[in-house]
Amino acid sequence: MEFDQVKPIVYVSRCLGFDYCRWNGDSINDSFVNRLKEFVEFHTLCPEADIGLGIPRNPVRLVRGKSTEDILMLQPATGEDCTDKMIEYSQDFLNRIERVDGFLLKNASPSCGINNIKLYANAAKGSMVAKTSGLFSAQAKARFPFAAFEDEGRLHNFIIRENWLIAIFTIARFRELDKNGKIAVLYDFHARYKYLFMSYSHKKMQNLGHLLANHHQENYDVIYHNYEKGLLELLTLSPSIARRINVLSHMFGYFSKELNAPGKQYFLNILEEYRRGAMPFIVPIELIRNWAIRFNSEYILKQSILLPYPKELLLLSDSGTGRNIKS
Ligand code: SF4
């Protein structure tokens, strides 16, 4: 399978434009989720409707139980305690998942919200004591700790959105590899991802390479699973500006002999603009791609860092929140 044809498998909150299943019978029209529909394989879930609370329904809230770890889901209007039903549903649902590359869940929901969900001292109004995770998402994170989790609110931030897209497409591409294949399949994958992995962690990229280099000591299955574990751990990190500049400098090295002094200086100026945050990463990357085409560098052209996810999903829009996140 060609890399660009891979569709990540993403479990998504159904109210994000798939059904009118919110507590008030509403649905959320999110333009980015709509755009994603063509590029990922969505599987929907609505824990509250699926456990039979109905649509519309009285809202539920999370309430601290007898101990700090004990979290209850209560429906104040009816007095119903939905905790056991929700946990049972979540575990059953998650146990039936054979493969998942990412979760895209509704923010601020006591069921789906990933974090910052209000936890109350009791079912009465105005008694918030802490922030926590939604009941379903807490179970999902425990069951799939290395899947790429995000909520639709955070995806309005450019950096968070890009990291999530890189993670789901990289995981999906890895899982499309022939699991019973030859070590050469993993070598090829690693070669394509070398610079992208370097932008996350030079050391972890090298560790993945060492796993392959020492393959004669293990059978393919063991290497595959160890590589997968290392890859998923690497993707929990984020690329930094400094590491990306290091990667760009390495890639630039392939062409520096071909370029004249003004051409080299132009690239260094662009790097400096990127370092200052005055230019997005796509600008120096496109320059590298241009040189790779011009100077016929197959090795650079196959690097996934040039196109880690479909270009149609590259939106430079940014909510403006989370600008302190380094990339
Ligand atoms: S947030 Fe989750 S539980 Fe609530 S309506 Fe959306 S999908 Fe259903």
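The values are calculated or read from the model by the stated rules, or taken from the named source; none is laboratory data. Since we're looking at a predicted model, the values are computed, not measured. Neighbour counts run over all protein chains shown; Cβ positions are idealised from the backbone, glycine included.
Rundown of residues vs (1) more than 16 Å from the ligand (Cβ to nearest atom); (2) touching a Phe, Trp or Tyr at 6+ places or on another chain (Cβ under 7 Å); (3) at positive phi, yes/no style:
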| residue | (1), (2), (3) |
| --- | --- |
| Lys85 | no, no, no |
| Arg96 | yes, no, no |
| Asn107 | no, no, no |
| Ala124 | yes, no, no |
| Met128 | yes, yes, no |
| Ala140 | no, yes, no |
| Phe149 | no, yes, no |
| His156 | yes, no, no |
| Asn163 | yes, no, no |
Some residue of region 198-216 being away from the ligand (no atom under 16 Å from the Cβ), closer than 30 Å to Ser111 by Cβ and among the aliphatic types (A, V, I, L, M): no
Search result, residues across region 153-164 that are touching a helix residue (DSSP H, G or I) at 6+ places or on another chain (Cβ under 6 Å) and not basic (Lys, Arg): Leu155, Ile160
Residue pairs meeting the criteria (Cβ under 7 Å; at least 6 apart or on separate chains; first within 15 Å of Leu135 (Cβ to Cβ), in region 41-70; second assigned to a strand (DSSP E or B) and of a type in the set (Asp, Glu)): none
Residues of region 226-277 satisfying the condition of being more than 29 Å from Phe149 (Cα to Cα) and hydrophobic (A, V, I, L, M, F, W, C): Met251, Phe252, Phe255, Leu259, Ala261, Phe267, Leu268, Ile270, Leu271
Qualifying residue in region 70-77 (condition: in a loop (DSSP other than H, G, I, E, B), acidic (Asp, Glu) and within 14 Å of the ligand (Cβ to nearest atom)): no
Residues of region 237-282 that turn out to be part of a loop (DSSP other than H, G, I, E, B) and on the phi < 0 side of the Ramachandran plot, as a count: 14
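Here is a check on your reading of the model: is Ala167 aliphatic (A, V, I, L, M), in a helix (DSSP H, G or I) and at pLDDT below 95?
Values: aliphatic (A, V, I, L, M): yes; in a helix (DSSP H, G or I): yes; at pLDDT below 95: no.
So Ala167 fails the test.
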